[in-house]
1. From Leu106, Leu157, Leu111, grab the single residue that is in contact (Cβ under 8 Å) with a residue 12 or more places away in the chain and open to solvent by 10 Å² or more (accessible area, probe 1.4 Å).
2. Restricting to the range 127-141, count the residues that are open to solvent by less than 40 Å² (accessible area, probe 1.4 Å) and either at pLDDT below 95 or outside any helix (DSSP H, G or I) (or both).
3. Search the range 175-222 for residues being of a type in the set (Phe, Trp, Tyr) and within 21 Å of Pro277 (Cα to Cα), and hand back the single one that is surrounded by the fewest Cβ atoms within 10 Å (Cβ to Cβ).
4. Suppose we filter the range 60-83 for residues that are over 18 Å from Arg143 (Cβ atoms) and touching a Gly at 6+ places or on another chain (Cβ under 8 Å); how many remain?
5. Which residues, counting only those in the range 32-44, are open to solvent by less than 60 Å² (accessible area, probe 1.4 Å) and not small (Gly, Ala, Ser)?
6. Inspect the range 193-213 for any residue being under 19 Å from the mean Cα position of the chain (by Cα) and under 18 Å from Ile76 (Cα atoms) and give the result as yes or no.
7. Quick one: in the range 260-278, of everything that is among the polar types (S, T, N, Q), in a loop (DSSP other than H, G, I, E, B) and out of contact with any helix residue (DSSP H, G or I) (no Cβ under 6 Å at 6 or more places or on another chain), which residue is surrounded by the fewest Cβ atoms within 10 Å (Cβ to Cβ)?
8. Determine which member of the set Asp233, Asp251, Asp227, Asp257 is of a type in the set (Asp, Glu), open to solvent by less than 10 Å² (accessible area, probe 1.4 Å) and either within 26 Å of Ala97 (Cα to Cα) or at pLDDT below 95 (or both).
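The values are calculated or read from the model by the stated rules, or taken from the named source; none is laboratory data. Model, not experiment: these values are computed from the prediction. All Cβ positions, even for glycine, are placed from backbone atoms using ideal geometry, and neighbour counts span all protein chains on display. Protein only, heavy atoms only, side chains kept; ligands, DNA and RNA dropped before computing areas. Shrake-Rupley method; radii C 1.70, N 1.55, O 1.52, S 1.80 Å.
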Amino acid sequence: MAIVAVVMATALATPAQADSDNPYERGPVPTLESITAETGPFAIASVTVPAGSSQGFNSGTVYYPTDTSEGTFGAIVIMPGFLASQSDIAWYGPRLASQGFVVMTLNTNALWDFPADRSRQQLAALTYLTAQSTVKNRIDPGRLAVMGWSMGGGGSLQSAASTPSLKAAIPLAPWDLSNVSSRITVPTMIFGADGDTVASVDDFARPFYNGLANAPDKSLIVLKNTDHFTFTDPNTTIAQYSVSWLKRFVDNDTRYDQFLCPTPNDPNTVVLQITCPL
């Protein structure tokens with residue numbers, strides 16, 4: 001089956017890179033407005049990856065910056081939750097790609113796959129992105145991250161536990177009957193929702209966060225007046241901290257420290273814990 005490319009005009013101009021000793025710094029000097037915007041400074045395109053394109057995962061969509069003048073980008077694979085598809089996490093693709101990442105959203109092999117299966121699929125997709133995909137030359141294979149919602153968040157925790165070379169992990173309302181957090185050394189930002197009755201903060205997000213004894217950089221963010229399905233729709237607060245975390249640890253971009261430390265007093269959260277200084 002053919003891979004279809006779609007160009008998405010999400011920026012008015014090519015971003016200018018600020019002078020820096022950091023070779024991974026991408027894009028203009030960030031502001032609160034730029035990290036919370038629906039579209040970041042990079043124009044993007046997307047390609048559909050049909051089932052059967054590679055072994056280990058089902059199908060998905062890759063979103064990527066069209067401009068390569070600043071070099072290669074970090075890559076992120078995002079997993080959906082139980083009985084969900086990539087349409088439930090689709091908004092993260094263009095949102096994060098327009099900030100300067102290659103992002104792949106996935107459909108699982110089976111809608112009922114448990115976190116361990118989702119982790120294996122996620123890691124297989126990362127291998128596909130860096131070794132086989134049509135955008136592999138845009139990716140720095142040494143700067144990879146994982147993200148996922150619900151059981152996909154549980155899978156992302158398992159991916160981080162088994163793959164210490166990852167630069168960042170962002171589990172969103174993670175669900176998993178196993179707590180592998182003590183094995184994680186990857187910088188990990190866990191989101192929860194104060195009204196979540198599917199993967200409650202007390203039963204899942206907080207124990208996972210408390211178990212991150214070997215991850216020197218970690219965060220727990222519990223969103224206010226939200227539920228388990230808040231993560232399936234565009235959300236400025238989720239985007240704000242996710243972009244900052246990914247930029248800080250995938251791109252090693254200290255310009256984003258200001259949005260994480262000192263820990264903000266954010267009225268949209270009921271818990272906001274971030275290891276500071278980073």
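1. Checking each option against the conditions leaves just Leu111.
2. Selection size over the range 127-141: 4.
3. The extreme case among them is Tyr209.
4. The number of residues fulfilling the criteria is 4.
5. Our first condition is that a residue be open to solvent by less than 60 Å² (accessible area, probe 1.4 Å); within the range 32-44, this holds for 34-37, 40-44.
Within the range 32-44, Ile35, Thr36, Pro41, Phe42, Ile44 qualify.
6. Among the residues of the range 193-213, not one is under 19 Å from the mean Cα position of the chain (by Cα) and under 18 Å from Ile76 (Cα atoms), which makes the answer no.
7. Asn265
8. Unique residue meeting the criteria: Asp251.
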